[in-house]
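*Asks:* Can you read through this structure? Questions will come right after.
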Amino acid sequence: ISAEGTVVTNWHVIRNIIGKKDGTLRVLFSNDSIYEAKLFNYDKTSDIAVLKIVNSEKKRFPFVEWGEKPLLGGHAIIIGSPISLDFSVSFGIVSAIDRIIPKAAPPFVPFIQTDAAMNRGNSGGPLFNADGKVVGINTLILTPPNPSGAEVGSIGLGFAIDGQYAQMIIKRLESGKKISWSFIGLHYRLLNMEETKDNDLEFGRNVIVAEVVKDTPAFGKLFKMDIIMKMDGEIVTHKIFASMIASFEPGTKIQLEVLRKGFMKPINVEIILGVRP
């Protein structure tokens with residue numbers, strides 16, 4: 001991702017080297033040149049790692065550029081090494097955006113879903129749009145259970161860490177510091193049809209507070225049945241609210257626009273984010 005030799009991959013791809021003195025990382029280019037690399041920083045929670053190529057010759061490397069968030073149905077092009085088949089390319093469409101996968105990742109890590117063939121060995125590779133710009137980091141697949149115990153390959157359910165989210169994590173990792181996650185202390189859900197109509201709101205937008213955890217940043221500031229409409233002026237949805245919170249450093253002051261029972265108009269609530277336990 002830089003001419004100096006910064007490389008991004010998944011944490012789980014290089015996890016076996018962490019804490020070992022005799023491990024070596026090597027980066028293979030498509031022209032068969034090989035360079036040694038060092039692990040610079042990583043975040044296990046987001047499954048992202050940043051490597052630096054050992055570049056004593058001050059070589060300038062070709063690098064990829066980041067693209068905008070993709071649209072549903074847009075082209076999805078994957079490059080990787082499925083089952084060790086280096087530099088394999090597969091093609092499909094963007095099946096979904098802002099996908100949350102509770103059993104595989106924290107609720108604040110958004111994924112792009114694609115039907116482009118993705119298999120073991122594709123992890124850490126780029127998901128490109130039609131312009132050749134990176135929109136995600138290929139990370140995992142979902143497959144049905146196999147009674148025989150044999151491993152099942154791609155069934156068209158591949159997932160890449162959203163590129164906008166990944167850039168935010170990479171920027172924080174390039175500071176050299178470990179990431180501390182912010183925390184607000186809420187359980188929330190999507191509004192049901194009755195709640196949406198009663199408050200004259202749009203379906204799919206806003207979240208409603210189900211519970212405020214005691215002795216957290218939100219305690220005494222937000223209350224059960226509060227409807228959170230915006231954060232720092234940006235519309236909130238149940239799909240991205242956790243990601244919005246996670247994008248800020250602990251100690252950041254945020255402003256929520258809240259619709260509270262008994263108030264004619266939305267009120268502003270300021271909260272200073274804490275550190276996730």
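The values are calculated or read from the model by the stated rules, or taken from the named source; none is laboratory data. Because the structure is predicted, anything quoted here is derived from the model rather than measured. FYI the Cβ positions are ideal-geometry reconstructions off the backbone, even for glycines, and counts take in every protein chain you see. Protein only, heavy atoms only, side chains kept; ligands, DNA and RNA dropped before computing areas. Shrake-Rupley method; radii C 1.70, N 1.55, O 1.52, S 1.80 Å.
*Asks:* Would you pick out the residues in region 124-148 that are at pLDDT 90 or above, open to solvent by 20 Å² or more (accessible area, probe 1.4 Å) and among the polar types (S, T, N, Q)?
*Replies:* 129, the sole residue that qualifies.
*Asks:* Is it true that residue 182 is open to solvent by less than 90 Å² (accessible area, probe 1.4 Å), under 30 Å from residue 41 (Cβ atoms) and in contact with a helix residue (DSSP H, G or I) (Cβ under 7 Å, 6 or more places away or on another chain)?
*Replies:* Judged against the criteria, residue 182 is a match.
*Asks:* For region 187-203, does any single residue satisfy the condition of being within 22 Å of residue 111 (Cα to Cα), crowded, with 18+ Cβ neighbours inside 10 Å and among the hydroxyl-bearing types (Ser, Thr, Tyr)?
*Replies:* Taking every residue of region 187-203 in turn, at least one turns out to be within 22 Å of residue 111 (Cα to Cα), crowded, with 18+ Cβ neighbours inside 10 Å and among the hydroxyl-bearing types (Ser, Thr, Tyr).
*Asks:* Among the hydrophobic types (A, V, I, L, M, F, W, C), open to solvent by 20 Å² or more (accessible area, probe 1.4 Å) and touching an Asp or Glu at 6+ places or on another chain (Cβ under 7 Å): is that true of residue 64 in this structure? Walk me through it before giving the result.
*Replies:* Working: among the hydrophobic types (A, V, I, L, M, F, W, C): yes; open to solvent by 20 Å² or more (accessible area, probe 1.4 Å): yes; touching an Asp or Glu at 6+ places or on another chain (Cβ under 7 Å): no.
No; evaluated as a whole, the condition is false for this residue.
*Asks:* Quick one: how many residues across region 209-224 are open to solvent by 30 Å² or more (accessible area, probe 1.4 Å) and in contact with a Lys or Arg (Cβ under 6 Å, 6 or more places away or on another chain)?
*Replies:* Going through region 209-224 one residue at a time, the tally reaches 1.
*Asks:* Hey, residue 91 hits all of (1) assigned to a loop (DSSP other than H, G, I, E, B); (2) among the aromatic types (Phe, Trp, Tyr); (3) farther than 14 Å from residue 240 by Cβ but one; which does it fall short on?
*Replies:* (1)
*Asks:* Another question about this same structure. How about region 24-54: which of its residues are closer than 23 Å to residue 169 by Cβ and open to solvent by less than 40 Å² (accessible area, probe 1.4 Å)? Talk me through it step by step, then tell me what you get.
*Replies:* Initial filter on region 24-54 (closer than 23 Å to residue 169 by Cβ): 25, 27, 37-53.
Across region 24-54, the qualifying residues are 25, 27, 37, 41, 43, 46, 47, 48, 49, 50, 51, 53.
*Asks:* Oh, and also: List the residue pairs whose Cβ atoms are under 9 Å apart, where the first residue sits in region 215-233 and is under 13 Å from residue 271 (Cβ atoms) and in a strand (DSSP E or B), the second is at pLDDT 95 or above and of a type in the set (Asp, Glu), and the two are 6 or more positions apart or on different chains.
*Replies:* 228/257; 231/257
*Asks:* Restricting attention to region 247-259, which residues are over 20 Å from residue 214 (Cα atoms) and surrounded by 15 or more Cβ atoms within 10 Å (Cβ to Cβ)?
*Replies:* If the condition is that a residue be over 20 Å from residue 214 (Cα atoms) and surrounded by 15 or more Cβ atoms within 10 Å (Cβ to Cβ), then 247, 248, 257, 259 are the ones that fit.
*Asks:* Something else about it: How about region 13-56: which strands (runs of 3 or more DSSP E) wholly inside it have at least 1 residues that are closer than 18 Å to residue 177 by Cβ and in contact with a Gly (Cβ under 7 Å, 6 or more places away or on another chain)?
*Replies:* Counting at least 1 such residues, we get 34-43, 48-53.
*Asks:* Considering only residues that are open to solvent by 50 Å² or more (accessible area, probe 1.4 Å) and either not aromatic (Phe, Trp, Tyr) or not in a loop (DSSP other than H, G, I, E, B) (or both), which ones fall in region 67-88?
*Replies:* 68, 69, 71, 72, 75, 79, 83, 84, 85, 86
*Asks:* Would you mind telling me which numbered condition in (1) more than 20 Å from the chain's Cα centre (by Cα); (2) of a type outside the set (Val, Ile, Thr); (3) modelled with pLDDT of 90 or more residue 151 fails?
*Replies:* Result: residue 151 fails condition (3) only.
*Asks:* For region 109-116, indicate whether the set of residues that are under 13 Å from residue 46 (Cα atoms), touching a residue at least 60 places away in the same chain (Cβ under 8 Å), among the hydrophobic types (A, V, I, L, M, F, W, C) and out of contact with any helix residue (DSSP H, G or I) (no Cβ under 6 Å at 6 or more places or on another chain) is non-empty.
*Replies:* Scanning region 109-116 turns up at least one residue that is under 13 Å from residue 46 (Cα atoms), touching a residue at least 60 places away in the same chain (Cβ under 8 Å), among the hydrophobic types (A, V, I, L, M, F, W, C) and out of contact with any helix residue (DSSP H, G or I) (no Cβ under 6 Å at 6 or more places or on another chain).
*Asks:* A follow-up question, please. Looking for whichever is buried (at least 17 other Cβ atoms within 10 Å of the Cβ), touching a strand residue (DSSP E or B) at 6+ places or on another chain (Cβ under 8 Å) and modelled with pLDDT under 95 here; the options are 121, 176. Which one fits? Give the steps one after another, and end with the answer.
*Replies:* Working: 176 fails: buried (at least 17 other Cβ atoms within 10 Å of the Cβ).
Just one listed residue meets the conditions, 121.
The rows are residues; the columns are (1) free of Cβ contacts under 8 Å to residues at least 60 places away in the same chain; (2) more than 18 Å from residue 168 (Cα to Cα); (3) touching a helix residue (DSSP H, G or I) at 6+ places or on another chain (Cβ under 9 Å); (4) not in a helix (DSSP H, G or I).
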{"residue": "238", "(1), (2), (3), (4)": "yes, yes, no, yes"}
{"residue": "245", "(1), (2), (3), (4)": "no, no, no, no"}
{"residue": "249", "(1), (2), (3), (4)": "no, no, yes, yes"}
{"residue": "255", "(1), (2), (3), (4)": "yes, yes, no, yes"}
